[in-house]
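Here's the structure, in structure tokens; my notes come after.
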């Protein structure tokens, strides 16, 4: 594991890049935004390429903020309707940065912060920060850590933990865009995807869930088939994973690319996965050049008591773990 200076922000804060390597996989992580800058893996012929969309310099991440390239997302991943929620009878107003709604915690959320970093063993990096009470309107002082680790087989595990001193809501994820043919190689819409998800959350025109989760059977959201389905375009939807919330990360699906044979597997403790086909990518990347598979709780859960709860209370610990495995076929 190694660290190097990656750049500095206008206020002088330094940003470092950490490199982890194991079992033929190399991963680079930035202290700015907890960004997963690159993931390099071999194809079926042993040729290595980067499969995560990212930038060579800090300026790219600061200029093209809308797609959240590779970032650690919080305090609340996805959308909260009306940029507000009520908890224990107290109304909390949040920044509206997606029309009338709050997306990914607002415009100055976890993805724009510089995180403290330290090794956590030989093949893991621990990022941490304290989100003060009231940051972006969220209640409670939140102590957060995220451990990025390369496992013995080269899989990348992301483990999040958080504690609070007052009731709050938490939903953390990673926003990497994957292109298994290689970042910058063109569209990822020809990738194949399989997910163990029999339901999805229908949304309105602002991507806010409406009604109860619906069956995927007979819809374009059915990714259960043995041969997978094209990722296509126009996907920015939460798939309800059949396994629900689990204490340990459980397998939920895979994505693969035929020309290189690369396979990306996903295991998680989370009950949902947001499939986003990158229809609004910008900068050097075009719409559809990457697919995000964001493991998380459901969008707008703070306003939906029928959804799995995202409430965190003092004396308890938020914990979420996702493992991305890399292979070929």
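Numbers for the structure displayed
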item	result
Ranked packing of 200-209, 99-108, most packed first, by mean Cβ within 10 Å	99-108, 200-209
Highest average packing first - 168-180, 274-286, Cβ atoms within 10 Å	168-180, 274-286
Computed FRET value (nearest 0.05) for residue 107 with residue 196, which takes r as the C-beta separation and R₀ as 35 Å	0.55
Full-stretch length increase - residue 306, residue 166 - with 0.36 nm per residue and alpha-carbon distance subtracted	48.1 nm
Cα gyration tensor category, rounded, prolate or oblate, for region 235-310 with a/c compared to 1.5	oblate
Nearest-0.05 FRET efficiency for residue 8 and residue 153, computed from C-beta distance (R0 35 Å)	0.45
Residue order, fewest to most surrounding Cβ atoms within 10 angstrom, among 224, 329	329, 224
Cα gyration tensor, region 213-276 - rounded (a/c under 1.5), prolate or oblate	oblate
Tensor-based shape of region 105-189 (alpha-carbon gyration tensor, a/c under 1.5 rounded, otherwise prolate or oblate)	oblate
Rg over Rh, two decimals, region 182-329 (C-alpha only, Kirkwood Rh)	0.97
Taking 164, 48, 219 and counting other C-beta atoms within 10 Å, the order from fewest to most	219, 48, 164
Highest average packing first - 84-90, 249-255, Cβ atoms within 10 Å	249-255, 84-90
Length added when fully stretched, residue 259-residue 26, from 0.36 nm per residue minus Cα-Cα	81.7 nm
Kirkwood-Stokes translational diffusion coefficient of region 2-328, alpha-carbon pairs, 20 °C, 1.002 mPa s, µm²/s	109 µm²/s
Inter-site label distance for residue 280 and residue 19 at 7 Å from Cα along Cβ, in nm	3.5 nm
For q = 0.13, 0.25 Å⁻¹, Debye-computed log10 I/I(0) when each Cα of region 182-241 counts as one equal scatterer	-0.38, -1.07
Separation in nanometres of the label points that stand 7 Å from Cα toward Cβ, at residue 206 and residue 59	3.7 nm
Length released on extending from residue 48 to residue 143, taking residue separation times 0.36 nm less the Cα-Cα span	30.5 nm
Calculated FRET value between residue 233 and residue 329, using beta carbons and R₀ = 30 Å, to 0.05	0.75
Simple spin-label estimate for residue 122 and residue 214 in nanometres, 7 Å along Cα-Cβ	5.2 nm
Region 2-328: relative contact order as a whole-number percent, Cα under 8 Å and 6+ apart	18 percent
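FYI, it's all coordinate maths here, none of it is from the lab. Everything numeric in this text was worked out from a predicted model, so none of it was measured. Cβ atoms come from the backbone with ideal geometry, glycine included; neighbour counts cover every protein chain shown.
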